[in-house]
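A.B. asks: The structure's right below; bear with me while I get my questions together.
The numbers here are math on the coordinates, done by the rules we state, and not lab data. What you are looking at is a predicted structure, and each value in this text was computed from that prediction instead of being measured. Ideal geometry is used to build each Cβ from the backbone, glycine not excepted, and the neighbour counts take in all protein chains shown.
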């Protein structure tokens, strides 16, 4: 892109999402994301938070998230605020924070 001149045409494509939320907001949603795979679940959670703030009854929204270190957790404060609001239930796994490695699949089994 850096070599392109202003007005140059470039080819691009938009792919539709495979993530489909239940039409009924009271149905539960279970999400699992690792590292940068958190982005779509942020949008899903934001939608649920908005619905709850509008007074709709929303179902349980569970997030299983994993990374090597807690410092790698993008939007941590945002997700923690949603948990405090009661819209989100988080289950985290940071594989390099302790001697025994813990991954998302371990949290799901628990």
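A.B. asks: Could you go through segment 5-22 and let me know if any residue there is part of a helix (DSSP H, G or I) and touching a strand residue (DSSP E or B) at 6+ places or on another chain (Cβ under 9 Å).
C.D. replies: Restricting attention to segment 5-22, the residues satisfying the condition of being part of a helix (DSSP H, G or I) are none.
The answer is no; no qualifying residue exists.
A.B. asks: Related question: Name the pairs whose Cβ atoms lie under 6 Å apart, with the first residue in segment 19-36 and within 13 Å of residue 48 (Cβ to Cβ), the second part of a strand (DSSP E or B), and 6 or more positions between them or separate chains?
C.D. replies: 29/61; 30/62; 31/63
A.B. asks: So the check is Cβ under 6 Å with 6+ separation or different chains; which pairs have a first residue in segment 94-110 that's farther than 14 Å from residue 32 by Cα and a second one that's assigned to a strand (DSSP E or B)?
C.D. replies: Pairs found: 102/93.
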